[in-house]
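**Q** Take this structure first; my questions come after.
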Amino acid sequence: MKKLIVKNYIIEINNSFNTSNFNNLDECRELFDEISTFYSFIQLESERFGILTLEYDWSNLYKLLDIQSNSTSHLTVTCNVSCIEIESTIQVQYRNLFTHYLEMNLYDFFLILNFSVPGCFTLCPTKLHDGTGHVINFKVDSAIFESSCYKSGLLEWPTISKVPLKITVNWYKSLKMSNKQISASNIERTIFAILNFCEIDSINPCSIIWLAHALEAIFNINTGGIQKTLSDRIFLTLGKPSLNTKKIKKVIIDFYSFRSRFVHGDFNIHHPSQNEVLDKNIEDYINNILNTQANIFKILLSTIQKMILSNCINIEFKEQIILHPTIEKS
């Protein structure tokens with residue numbers, strides 16, 4: 001007789017939801033309702049186990065509404081992972097492997113929430129307890145989502161909004177990334193680059209490489225004339241701004257200048273200590289990196305949101321040549 005194999009997990013998320021991203025608690029409650037509706041029961045395909053079922057208990061979410069706005073808070077979530085035993089060779093001890101699937105799903109949840117309500121949710125830091133004493137630590141930060149929204153507002157371009165969670169969940173499912181560990185398409189390259197960016201120190205100039213990778217993947221850029229091609233495709237996708245066009249073009253030029261100088265050894269990198277007491281210039285240096293990151297990430301985020309709302313998973317650009325015949329005189 002086939003068995004139901006179940007494993008219970010506890011997820012501890014410090015500084016989980018940033019309530020300052022909401023105009024009021026009703027907006028926050030609405031998102032929590034969406035999470036409870038669309039992200040409590042998840043089914044994943046697994047070569048080893050067949051269908052894996054993840055059942056999240058989000059009841060503690062609503063306790064966060066008692067905390068003053070403009071604050072972040074600790075959240076404890078439980079999750080049961082289960083499957084029907086499909087072969088007699090799959091023993092109960094294999095349930096320890098469930099952890100890997102839950103870990104992947106938490107990364108997905110991080111992106112889905114921040115694509116919907118940018119900057120609202122972080123996994124930094126988070127502990128995943130599997131009940132055996134083993135703990136997986138997450139450090140995936142959503143600060144770049146929030147700062148990119150701020151930068152978008154300053155120049156009134158591009159548009160970054162809130163997307164209903166149901167739409168984002170369905171779009172993300174349509175990518176069919178499952179449990180992939182190596183990207184194979186432009187949108188997968190973009191998403192994996194964003195996750196890698198969110199996991200490293202934001203002051204690290206290496207973060208610029210991840211952003212360049214994501215930007216060139218999503219806009220399908222190869223080699224040669226990158227800056228002009230990228231600018232043209234960005235404006236074609238997101239619309240050309242009515243104001244500050246030169247400033248926005250300069251953002252892309254400065255970004256690639258930054259990237260080139262870093263890659264080719266011409267960038268004045270910082271000492272690991274980042275000591276402002278010893279060198280006051282470090283503050284301007286850090287602000288320069290953070291501003292560069294946010295100015296580029298806002299383009300990525302706006303593009304992904306447009307793809308979500310348009311229900312598309314790839315952007316293709318084509319160049320057309322139209323030859324008009326001469327008009328013969330009668």
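The values are calculated or read from the model by the stated rules, or taken from the named source; none is laboratory data. A quick note: this is a predicted structure, and the numbers were derived from the prediction, not measured. Heads up, the Cβs are rebuilt from the backbone with ideal geometry, glycines too, and the neighbour counts pull from every protein chain shown.
**Q** So is residue 252 surrounded by 14 or more Cβ atoms within 10 Å (Cβ to Cβ) and free of Cβ contacts under 8 Å to residues at least 24 places away in the same chain or not?
**A** No; evaluated as a whole, the condition is false for this residue.
**Q** Regarding residue 29, is this residue in a loop (DSSP other than H, G, I, E, B), surrounded by fewer than 16 Cβ atoms within 10 Å (Cβ to Cβ) and assigned by TED's automatic domain parsing to the domain that holds residue 112?
**A** No; evaluated as a whole, the condition is false for this residue.
**Q** Please determine, by comparing only the residues of the range 184-200 that are in contact with a Ser or Thr (Cβ under 8 Å, 6 or more places away or on another chain) and assigned to a helix (DSSP H, G or I), which one is nearest to residue 172 (Cα to Cα).
**A** 191
**Q** Are any of the residues in the range 212-221 within 27 Å of residue 183 (Cβ to Cβ), more than 22 Å from the chain's Cα centre (by Cα) and free of Cβ contacts under 8 Å to residues at least 24 places away in the same chain?
**A** no
**Q** OK, next. What are the residues in the range 188-208 that are without any contact (Cβ under 8 Å) to a residue 60 or more places away in the chain, closer than 18 Å to residue 314 by Cα and not hydrophobic (A, V, I, L, M, F, W, C), if any?
**A** Across the range 188-208, the qualifying residues are 188, 189.
**Q** Additional query: For the condition more than 30 Å from residue 247 (Cβ to Cβ) and touching a residue at least 12 places away in the same chain (Cβ under 8 Å), what is the one hit in 147, 185, 142?
**A** Criteria check complete, one pass: 185.
**Q** Cβ contacts < 7 Å: first residue within 14 Å of residue 121 (Cα to Cα), restricted to the range 61-81; second residue modelled with pLDDT under 70 and surrounded by fewer than 17 Cβ atoms within 10 Å (Cβ to Cβ), any location; separation 6+ or different chain. Result?
**A** Listed by first residue and then by second, the contacts come to 73/67.
**Q** Might you let me know whether the range 105-126 holds any residue that is assigned to a helix (DSSP H, G or I), closer than 27 Å to residue 10 by Cβ and among the charged types (D, E, K, R)?
**A** Within the range 105-126, one or more residues are assigned to a helix (DSSP H, G or I), closer than 27 Å to residue 10 by Cβ and among the charged types (D, E, K, R).
**Q** Something else: Of all residues in the range 222-249 being part of a helix (DSSP H, G or I) and exposed (fewer than 13 other Cβ atoms within 10 Å of the Cβ), which is farthest from the chain's Cα centre (by Cα)?
**A** Filtering first and then ranking leaves 246.
**Q** Consider residue 203 carefully, then state whether it is at negative phi, assigned to a loop (DSSP other than H, G, I, E, B) and β-branched (Val, Ile, Thr).
**A** Answer is yes for this residue.
**Q** Then there is this: Taking residue 268 as the residue in question, decide whether it is assigned by TED's automatic domain parsing to the domain that holds residue 246, out of contact with any Phe, Trp or Tyr (no Cβ under 7 Å at 6 or more places or on another chain), assigned to a loop (DSSP other than H, G, I, E, B) and surrounded by fewer than 15 Cβ atoms within 10 Å (Cβ to Cβ).
**A** yes
**Q** When you check residue 76 against the structure, is it of a type outside the set (Lys, Arg), in a helix (DSSP H, G or I), touching an Asp or Glu at 6+ places or on another chain (Cβ under 7 Å) and more than 30 Å from residue 243 (Cβ to Cβ), yes or no?
**A** Answer is no for this residue.
**Q** Looking at 67, 112, 10, 5 in this structure, which one is modelled with pLDDT under 80 and either within 30 Å of residue 302 (Cα to Cα) or of a type in the set (A, V, I, L, M, F, W, C) (or both)?
**A** 67
**Q** Which residues, counting only those in the range 258-273, are more than 19 Å from residue 155 (Cβ to Cβ) and either of a type in the set (Lys, Arg) or within 27 Å of the chain's Cα centre (by Cα) (or both)?
**A** 259, 260, 261, 262, 263, 269, 270, 272
**Q** Can you find a residue that is in contact with a Leu (Cβ under 8 Å, 6 or more places away or on another chain), under 24 Å from residue 313 (Cβ atoms) and surrounded by 14 or more Cβ atoms within 10 Å (Cβ to Cβ) anywhere in the range 131-138?
**A** no
**Q** Determine, yes or no, whether residue 315 is within 28 Å of residue 119 (Cα to Cα), among the β-branched types (Val, Ile, Thr) and outside the structural domain of residue 221 (by TED's automatic domain parsing).
**A** yes
**Q** Find the residue count for the range 179-230, including only residues that are hydrophobic (A, V, I, L, M, F, W, C), closer than 16 Å to residue 262 by Cβ and at pLDDT below 90.
**A** Residues meeting the conditions: 4.
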